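Scroll down for the structure; my scribbles are underneath it.
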Amino acid sequence: MRHLASIIGKLDDTQYTQESAALPGSTIGKHVRHVLDHFALLFAALASAQSASNNMQNPLGPVDYAHRERSPLTESTVDGGQCSIGRAIAIVEQLRERETAIPSFITVSDTLPGGTTASFLSTVDRELWFCIHHMIHHNAIIASLMFELGLNPPTEFAYAPSTIKLAHDLAK
């Protein structure tokens, strides 16, 4: 998230909100907001936890990834995006401090093709990992949008850690 904050910090609001020619309706700001929406849903479920004594029969949630808040401020200004990223980073740091108190199980739901909703039992760790990989995927889209604007994001910005590691290993 800090890398994302650093990248968007180099943009002005016009670049942040410039609609893509290749992906109509898509902006860097909208992708930043979209990523943070997913983290926010998971964080809200964790904040509502009364105790760490949940189990598969009593999971947190549900976290419904289809029903996101979609903060206009996060997607419309660089400052708004950076503030939202800063709040998310602060929450992650708080989670690290109380790692043993984090519940394990959570129910997640989302809309499937055809419009039906499905719910799944998951773990908080797995959902946090999903949010991180989801962010990396959107970082790749953000990098493409930056190229469209004539900007050159760092190469590693748009790649998963395993891909970066493989490239370094192959270069040896």
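Here's the yes/no breakdown for (1) modelled with pLDDT of 90 or more; (2) open to solvent by 80 Å² or more (accessible area, probe 1.4 Å); (3) touching a His at 6+ places or on another chain (Cβ under 6 Å):
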| residue | (1), (2), (3) |
| --- | --- |
| 135 | yes, no, no |
| 141 | yes, no, yes |
| 146 | yes, no, no |
| 149 | yes, no, no |
| 155 | no, yes, no |
Do the conditions hold for residue 66, that is, is it at pLDDT 85 or above and touching a strand residue (DSSP E or B) at 6+ places or on another chain (Cβ under 9 Å)? yes
Mind listing just one residue for me: the one in the range 88-119 that is in a helix (DSSP H, G or I), under 20 Å from the mean Cα position of the chain (by Cα) and of a type in the set (A, V, I, L, M, F, W, C) and, of those, surrounded by the most Cβ atoms within 10 Å (Cβ to Cβ)? 88
Given (1) among the polar types (S, T, N, Q); (2) open to solvent by less than 30 Å² (accessible area, probe 1.4 Å); (3) within 14 Å of residue 36 (Cα to Cα); (4) touching an Asp or Glu at 6+ places or on another chain (Cβ under 8 Å), residue 76 misses just (2)
Taking the range 64-87 and keeping only residues that are charged (D, E, K, R), more than 13 Å from the chain's Cα centre (by Cα) and not in a helix (DSSP H, G or I), one is left with 64, 69
Determine the pairs where a residue that is in contact (Cβ under 8 Å) with a residue 12 or more places away in the chain and of a type in the set (Ser, Thr, Tyr), located within the range 80-92, has a partner that is assigned to a helix (DSSP H, G or I) and open to solvent by less than 60 Å² (accessible area, probe 1.4 Å) with Cβ atoms under 6 Å apart, the partner being 6 or more residues away or on another chain. 84/36; 84/74
For residue 127, only one of the following conditions fails: (1) at pLDDT below 90; (2) among the charged types (D, E, K, R); (3) surrounded by 14 or more Cβ atoms within 10 Å (Cβ to Cβ). What is its number? (1)
Conditions first: (1) modelled with pLDDT of 90 or more; (2) assigned to a loop (DSSP other than H, G, I, E, B); (3) open to solvent by 70 Å² or more (accessible area, probe 1.4 Å); (4) farther than 27 Å from residue 151 by Cβ. Residue 56 passes all but one, so which condition is the exception? (1)
Of the numbered conditions (1) loosely packed, with under 14 Cβ neighbours inside 10 Å; (2) modelled with pLDDT under 90; (3) of a type in the set (A, V, I, L, M, F, W, C); (4) within 19 Å of residue 32 (Cα to Cα), residue 164 satisfies every one except a single condition; which is it? (4)
Considering only residues that are of a type in the set (A, V, I, L, M) and open to solvent by less than 10 Å² (accessible area, probe 1.4 Å), look in the range 16-40 and name the one that is nearest to residue 152 (Cα to Cα). 28
Every residue from the range 110-135 that is within 18 Å of residue 5 (Cβ to Cβ) and touching a Phe, Trp or Tyr at 6+ places or on another chain (Cβ under 7 Å): 131
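The values are calculated or read from the model by the stated rules, or taken from the named source; none is laboratory data. What you are looking at is a predicted structure, and each value in this text was computed from that prediction instead of being measured. Heads up, the Cβs are rebuilt from the backbone with ideal geometry, glycines too, and the neighbour counts pull from every protein chain shown. Remember, those area values only see protein heavy atoms, side chains included, never the ligands or the DNA or RNA. Shrake-Rupley method; radii C 1.70, N 1.55, O 1.52, S 1.80 Å.
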